[in-house]
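Trainee: Below you'll find the structure I mean.
The values are calculated or read from the model by the stated rules, or taken from the named source; none is laboratory data. None of the values given here were measured: they were computed from a predicted structure. Cβ sites come from the backbone with ideal geometry, for glycine too, and all protein chains shown count toward neighbours.
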Amino acid sequence: MNKSNKKLKLAIICSGGNSPGMNNAVIGFAKKCAQCNIDAYYFLWGYKGITNNDIHPCNLRYLEEFTNRGNTIIGSGRLPSFATDVNVRKKAVKNLKKNGIDCLLVVGGEGSYQGAYKLSQLGAKVIAIPATIDNDVNSTQYTIGFDTCLNQVSKLINDITDCFSSHDGINLIEIMGRACPDLTINTGIGSNIYMVTKYNILKTEDFIKIVKHCKSQGKRAINFVVTEKIYGTNNLPTLASIAKKIEATTGHMTRVTTIGYIQRGGTPSARDRLIANYLVDKAVDLAKQGVFNKAVGINNKQIVAIELKRAVTMKRKSHNRYLVNKFNKINLQ
């Protein structure tokens, strides 16, 4: 508990790749602080803003105009030197102290969590809130932005399927996710599409075999949803070269679609807005109680908080490999 008579002063940043719902986290933070008589601030452009002392008081009436916007109005960003140079982090800690910030809320993904933990090692008080379209923060089951991105990808795949049904064609659809295939798996299951992840990397002949099988079943449009950064690396062919061989072998038009950054945008879904507000509410309550250096998250539908040190070292217990194998067999029908 904050036992002094000093008014609590909190700040928030968004860090890493932008994620739909980040605005809702910032707005929820400003509203909660106003309700609790806490001074609320934000730094522009993530960790870069802290090192440059680019701090601003939260203007709630201004911020809430962005409730429906998928970006983050206070800006985000990546600062590689923050991870590698302790002097950069010391400068950030100095600026936090100079501004009298009692606790910094960091809204971001795995890399942002690492940055928050490194700040805590230098004496800063922080609380981490998970926000990334990749859903790759191991200390939580869901991250802010994942649901919106999944809906965006699903809609785009519906449109792609309409197009390729007209041409009896095949499409290799590459989506984001980096090392975490959650987007690919949830898209594949929800859209009844064969998924290709790090758990089931296919050779060119495997793609061709699946295409021939599906065509024998009378399928018109055949889509594969593929996690990014698999093909074209580690001595694997590019998707473009695979597509050419599929077309040459089967005679069916075959293309590659990289959805790209369009999947990061869009109006945040109701679920992401809810998650953002629940997590921020928990984080501010922790700060009010004088509980710092935590990571908030969702576990079994409950809002929980664990030690930040534990959060950045956790390994996820996943049934992803089982799901990929199970639903790929179903999607071959």
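Trainee: Among the numbered conditions (1) crowded, with 18+ Cβ neighbours inside 10 Å; (2) among the charged types (D, E, K, R); (3) more than 14 Å from ILE170 (Cα to Cα); (4) touching a strand residue (DSSP E or B) at 6+ places or on another chain (Cβ under 9 Å), tell me where LYS198 comes up short.
Mentor: Result: LYS198 passes all but (1).
Trainee: Could you please give the count of residues in segment 227-264 that are in contact with a strand residue (DSSP E or B) (Cβ under 6 Å, 6 or more places away or on another chain) and over 12 Å from ILE173 (Cα atoms)? Quick ask: steps written out before the conclusion?
Mentor: Start the filter on segment 227-264 by keeping residues that are in contact with a strand residue (DSSP E or B) (Cβ under 6 Å, 6 or more places away or on another chain), which leaves 228, 239-240, 243, 246-247, 252, 254-259.
With the extra rule that they be over 12 Å from ILE173 (Cα atoms), the set shrinks to 246-247, 252.
Count: 3.
Trainee: Which helices (runs of 4 or more DSSP H) does segment 80-156 wholly contain that include 1 or more residues that are in contact (Cβ under 8 Å) with a residue 40 or more places away in the chain and within 24 Å of the chain's Cα centre (by Cα)? Talk me through it step by step, then tell me what you get.
Mentor: Working: elements: 80-84, 86-98, 110-121.
Because the criterion is at least 1 residues that are in contact (Cβ under 8 Å) with a residue 40 or more places away in the chain and within 24 Å of the chain's Cα centre (by Cα), the helices (runs of 4 or more DSSP H) in segment 80-156 that meet it are 110-121.
Trainee: For LYS209, only one of the following conditions fails: (1) modelled with pLDDT under 95; (2) under 21 Å from LEU332 (Cβ atoms). What is its number?
Mentor: LYS209 satisfies every listed condition except (1).
Trainee: Can you spot a residue in segment 136-159 that is in contact with a Cys (Cβ under 7 Å, 6 or more places away or on another chain) and acidic (Asp, Glu)?
Mentor: Of the residues in segment 136-159, the ones in contact with a Cys (Cβ under 7 Å, 6 or more places away or on another chain) are 136.
Still in the list and also acidic (Asp, Glu): 136.
Yes.
Yes or no, residue by residue, for (1) closer than 17 Å to LEU308 by Cα; (2) crowded, with 20+ Cβ neighbours inside 10 Å; (3) not assigned by TED's automatic domain parsing to the domain that holds ALA287:
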{"position": "ASP85", "(1), (2), (3)": "no, no, no"}
{"position": "LYS97", "(1), (2), (3)": "no, no, no"}
{"position": "LEU105", "(1), (2), (3)": "yes, yes, no"}
{"position": "GLN121", "(1), (2), (3)": "yes, no, no"}
{"position": "ASP136", "(1), (2), (3)": "yes, yes, no"}
{"position": "VAL153", "(1), (2), (3)": "no, yes, yes"}
{"position": "HIS167", "(1), (2), (3)": "no, no, yes"}
{"position": "ILE170", "(1), (2), (3)": "no, yes, yes"}
{"position": "MET176", "(1), (2), (3)": "no, yes, yes"}
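A quick yes/no check of all residues on (1) buried (at least 19 other Cβ atoms within 10 Å of the Cβ); (2) of a type in the set (Lys, Arg); (3) on the phi < 0 side of the Ramachandran plot; (4) without any contact (Cβ under 8 Å) to a residue 12 or more places away in the chain:
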residue: LEU239; (1), (2), (3), (4): yes, no, yes, no
residue: ILE246; (1), (2), (3), (4): yes, no, yes, no
residue: ALA270; (1), (2), (3), (4): no, no, yes, yes
residue: VAL291; (1), (2), (3), (4): no, no, yes, no
residue: ALA305; (1), (2), (3), (4): yes, no, yes, no
residue: LEU308; (1), (2), (3), (4): yes, no, yes, no
residue: LYS315; (1), (2), (3), (4): no, yes, yes, no
residue: ARG321; (1), (2), (3), (4): no, yes, yes, no
residue: LYS326; (1), (2), (3), (4): no, yes, yes, yes
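Trainee: Conditions first: (1) assigned to a helix (DSSP H, G or I); (2) surrounded by 19 or more Cβ atoms within 10 Å (Cβ to Cβ); (3) touching a Gly at 6+ places or on another chain (Cβ under 9 Å). TYR278 passes all but one, so which condition is the exception?
Mentor: Against the list (1) assigned to a helix (DSSP H, G or I); (2) surrounded by 19 or more Cβ atoms within 10 Å (Cβ to Cβ); (3) touching a Gly at 6+ places or on another chain (Cβ under 9 Å), TYR278 comes up short only on (2).
Trainee: Output yes when any residue across segment 141-149 is crowded, with 22+ Cβ neighbours inside 10 Å, at positive phi and of a type outside the set (Asp, Glu), and no when none is. Give the derivation first.
Mentor: In the first step, residues of segment 141-149 are kept if they are crowded, with 22+ Cβ neighbours inside 10 Å; the result is 143-149.
So of that shortlist, the ones also at positive phi come out as 145.
Those still in the list that are of a type outside the set (Asp, Glu) too: 145.
The answer is yes; a qualifying residue exists.
Yes/no matrix, rows are residues, columns are (1) farther than 24 Å from THR140 by Cα; (2) in contact with a helix residue (DSSP H, G or I) (Cβ under 7 Å, 6 or more places away or on another chain); (3) among the basic types (Lys, Arg):
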residue: THR184; (1), (2), (3): no, no, no
residue: LYS209; (1), (2), (3): yes, no, yes
residue: LYS212; (1), (2), (3): yes, yes, yes
residue: ARG220; (1), (2), (3): yes, yes, yes
residue: PRO237; (1), (2), (3): yes, yes, no
residue: ILE246; (1), (2), (3): yes, yes, no
residue: THR249; (1), (2), (3): yes, yes, no
residue: ARG264; (1), (2), (3): no, yes, yes
